[in-house]
Amino acid sequence: MRCGAVVVAAGRSQRMGANKTMMSLSGRPVILRVLDTLSASTEISEIILVTNADNLSEIEVLVDEVAYDESVELSLGGETRYESVRHGVESLSDDVDLVLIHDAARPLVALDLVRSVIAAGETTGAAIAATPVTDTIKLVESDDLITRTLDRRTLFAAQTPQVFRRDWLMDAYHKAQDRQEQVDFTDEAALLEWAGYGVRIVPGSDENIKLTRPFDITLAETILAQREQAST
């Protein structure tokens, strides 16, 4: 199956206080670290990078300077993550039948994890990286009252990459549009689940962190330093 990737970089980075995809991470912009890894995967034939109008020109210059072997095209996102990803999926070549979706805010994703999720998606039709929850999770009502404690043995934290058959993904989009659903799908796995498709998990990585707050940059640089030390 021919796999295309959609990288989501259209957010406004409000909690970070700056455009995190353009921030330097140990001397290299976050977005390029993501593209470096995905372009190294021989399973991915093309990459659609979804950004917003404010960042379009700057990101375009960065991508052109690197000249990745794989086709990297830019697409403008929508008002929500859901809309942005859909724009990216619809921008892929017609012969792409397997879609990998990855958040630009996860620049430490390992190539082995990318390949594992692609392999699982090709076999099962829908697969995501996920890690077991280690904290005790409380279900809380609006008045801050705990209603119950969830069994963490059955809980997993979703990550990206997430890989889906394109026809399944488009069918789910059409179902949501036809029914005019107002559900807030926070990732495409939730959309596929809602549409009735089974989604498998692949063991994710604790290092595959999402850059959300300034401290995450410090943590990511520490992880990169440890990787560099381990490789020498």
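In the condition set (1) open to solvent by less than 50 Å² (accessible area, probe 1.4 Å); (2) modelled with pLDDT of 95 or more, Glu43 is compliant with all but (1). A count restricted to region 198-215 and to residues that are out of contact with any Leu (no Cβ under 9 Å at 6 or more places or on another chain) and modelled with pLDDT of 95 or more stands at 4.
Checked against the criterion of being closer than 30 Å to Val63 by Cα, without any contact (Cβ under 8 Å) to a residue 24 or more places away in the chain and either aliphatic (A, V, I, L, M) or open to solvent by 50 Å² or more (accessible area, probe 1.4 Å) (or both), the candidates Glu141, Glu122, Glu193, Glu90 yield just one match: Glu90. If you go through region 215-225 one residue at a time, do you hit one that is more than 24 Å from Val34 (Cα to Cα), in contact (Cβ under 8 Å) with a residue 24 or more places away in the chain and in contact with a strand residue (DSSP E or B) (Cβ under 9 Å, 6 or more places away or on another chain)? Within region 215-225 (the criterion being more than 24 Å from Val34 (Cα to Cα), in contact (Cβ under 8 Å) with a residue 24 or more places away in the chain and in contact with a strand residue (DSSP E or B) (Cβ under 9 Å, 6 or more places away or on another chain)), the answer is no, since none of the residues qualifies.
The set of residues from region 76-86 being open to solvent by 70 Å² or more (accessible area, probe 1.4 Å) and touching a Leu at 6+ places or on another chain (Cβ under 9 Å) comprises just one member, Leu76.
Of the residues in region 57-75, at least one is open to solvent by 70 Å² or more (accessible area, probe 1.4 Å) and closer than 23 Å to Thr212 by Cβ. Checked against the criterion of being more than 23 Å from Thr42 (Cβ to Cβ), of a type in the set (Ser, Thr, Tyr) and at pLDDT 95 or above, the candidates Thr131, Thr124 yield just one match: Thr131.
Of the helices (runs of 4 or more DSSP H) that lie entirely inside region 56-158, those containing 1 or more residues that are more than 21 Å from the chain's Cα centre (by Cα) span 56-66.
Given the criteria assigned to a helix (DSSP H, G or I) and surrounded by 12 or more Cβ atoms within 10 Å (Cβ to Cβ), does Ile209 qualify? So Ile209 fails the test.
Among the residues of region 184-206, those identified as in a helix (DSSP H, G or I) and touching a strand residue (DSSP E or B) at 6+ places or on another chain (Cβ under 8 Å) are Glu188, Ala189, Leu192. Does Val8 satisfy the condition of being open to solvent by 10 Å² or more (accessible area, probe 1.4 Å), in a strand (DSSP E or B) and either closer than 25 Å to Leu191 by Cβ or not polar (S, T, N, Q) (or both)? Against the criterion (open to solvent by 10 Å² or more (accessible area, probe 1.4 Å), in a strand (DSSP E or B) and either closer than 25 Å to Leu191 by Cβ or not polar (S, T, N, Q) (or both)), Val8 qualifies. Residue count for region 217-232, restricted to those that are modelled with pLDDT under 95 and charged (D, E, K, R): 2. For the residues Arg15, Arg33, the requirement of being modelled with pLDDT of 90 or more and not aliphatic (A, V, I, L, M) singles out Arg33.
The values are calculated or read from the model by the stated rules, or taken from the named source; none is laboratory data. Note that the structure is a prediction, hence the values are computed from the model and not measured. Here Cβ is always computed from backbone atoms with ideal geometry, including for glycine, and neighbour counts include all displayed protein chains. Note: areas computed on protein heavy atoms with side chains; ligands, DNA, RNA excluded. Shrake-Rupley method; radii C 1.70, N 1.55, O 1.52, S 1.80 Å.
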